[in-house]
1. Given Cβ point charges of +1 (Lys, Arg) and -1 (Asp, Glu) and nothing else, what value in debye, to the nearest 20, does the dipole of chain B about its Cα centre take?
2. Starting at the first residue of segment B:125-139, write each ³J(HN,Hα) from the Karplus equation 6.51 cos²θ - 1.76 cosθ + 1.60 with θ = phi - 60°, in whole Hz, x for Gly and Pro.
3. So which trypsin sites (Lys or Arg not before Pro) in segment B:148-234 are both in a DSSP loop and have at most 14 other Cβ atoms within 10 Å of their Cβ?
4. In whole Hz and in residue order, list the ³J(HN,Hα) couplings for segment A:82-98 that follow from phi through the Karplus curve 6.51 cos²θ - 1.76 cosθ + 1.60, θ = phi - 60°; x for Gly and Pro.
5. Over what distance in Å are the Cα centres of segment B:80-107 and segment B:167-238 separated?
6. Provide the percentage of antiparallel DSSP beta bridges, counting only those with both residues in the protein assembly as shown; round to the nearest 5.
7. Please give the calculated 222 nm ellipticity per residue for the protein assembly as shown, where each DSSP H segment of at least 4 residues contributes -39500 (n - 2.57) and the sum is spread over every residue; nearest 500 deg cm²/dmol?
8. Give the calculated FRET efficiency between B:Q11 and B:L66 to the nearest 0.05, with a Förster radius of 35 Å applied to their Cβ-Cβ distance.
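Just so it is clear, none of the values below were taken in a lab; they were calculated from the coordinates. As the structure is a prediction and not an experimental result, all values here were calculated from the model. All Cβ positions, glycine included, derive from the backbone under ideal geometry; neighbour counts span all protein chains shown.
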Amino acid sequence: MSTTENPKIPGWTRSRSSVTLLAMDGGRIETRLYASLRKWNLTSYSFVGTTTVKDFLRNAGIREEDVGIVVINGKRQQLDTGLQDGDVVSLFPLIDGG
Amino acid sequence: MIDDAARERYQRQLSLDGFGAAAQEKLAEASVFVAGAGGLGCSAAIYLAAAGIGRLRVADHGNVELGNLNRQILYGERDIGGHKVAAMARRIEELNANVSVEPLHVTLGDDNLYALAKGSSLLIDALDNLPSRYALNKVAIRLGVPIVHGAVQGFFGQVMTIVPNVTACLMCLYGGRVSSGAPPVIGVAPGVIGLLQATEAIKILTGIGRQLRGTLLLFDGLQTRITEVEISRDPACPHCGRGRGAAPVIAPARRPA
């Protein structure tokens, strides 16, 4: 990335726009799994095309019913929320122990 | 009025900024309903008693078992087989005889929660299952009394203050979903979360500080990380939204194997 951002390299503008297009068409998210969801041991997830939290869960093998709260970049979201490159996705289980 | 004994007992909190005799009197006049005498209830109740809450009504149907003692910190081996609420009341009375404790050895449910919670200034959700928590949520909304919700699993736990018809409620948070089975728990998790619940209760009752109104605090003891998430009200919520009075929507969910 650092070399493509150097304006002295010929073709820099074109490279940057192609990187941007790539990000819109897929990407990588950081995942933080809590409590009983930690056993999936995932810290990141890469995807191609558009994707949602639900797609991510299916690909990771996590059942939707095991997820209580979805938080993306600090805000509560839903299972059908779309993911963007660079998102930090935190998943908390449904907990009820006392 | 605060007498000399109370002035001595509470001297270290009476000298707090924004606290003083007025706040102490508010605590003394308060009646708190602690739903559940497990790990959360033990932790929350004993600190509320130490702080000088006037009346504590504690309800739980359980008897003390050896398997409770890793986390239900008010009970000892000699309490095994006896009612949890009776053992809790003894410990509270030993600590602070000024607190009026009402131990209720009952199974909490839709049929009795309203009558038991009525007259309370605040409810502590220290229960161990979501159906009972939803029942308490519904009663709090009917009574217009705040609930401090707490729940734990493993090294993890969460706290949220619910102000009926102002903030999101428990039904807004989980939408009626339930889980099953007793989760693994390390004693420090309900210890920490119960104390956060007691902290919220003291602030609500005295009107000081910032409260977790509509904010879910998530505590991860393994990573020592605290996350806060704003939880919005659900306009269609069956308990506090336009879905009020509709049929219950309890959907089963299973825990991971």
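1. The calculated dipole for chain B is roughly 640 debye.
2. Listing the rounded values in order: 7, 10, 7, 10, 7, 6, x, 5, 5, 5, 4, 5, 4, 5, 5 Hz.
3. Filter output for segment B:148-234: B:R210.
4. Karplus-based 3J(HN,Hα) across segment A:82-98 equals x, 9, 10, 3, x, 4, 9, 10, 10, 10, 10, x, 6, 10, 8, x, x Hz.
5. 25
6. Bridges in the protein assembly as shown that DSSP calls antiparallel: roughly 60 percent.
7. Calculated from helices alone, the mean residue ellipticity at 222 nm is -9000 deg cm²/dmol.
8. Given R0 = 35 Å and the Cβ-Cβ separation, E is 0.35.
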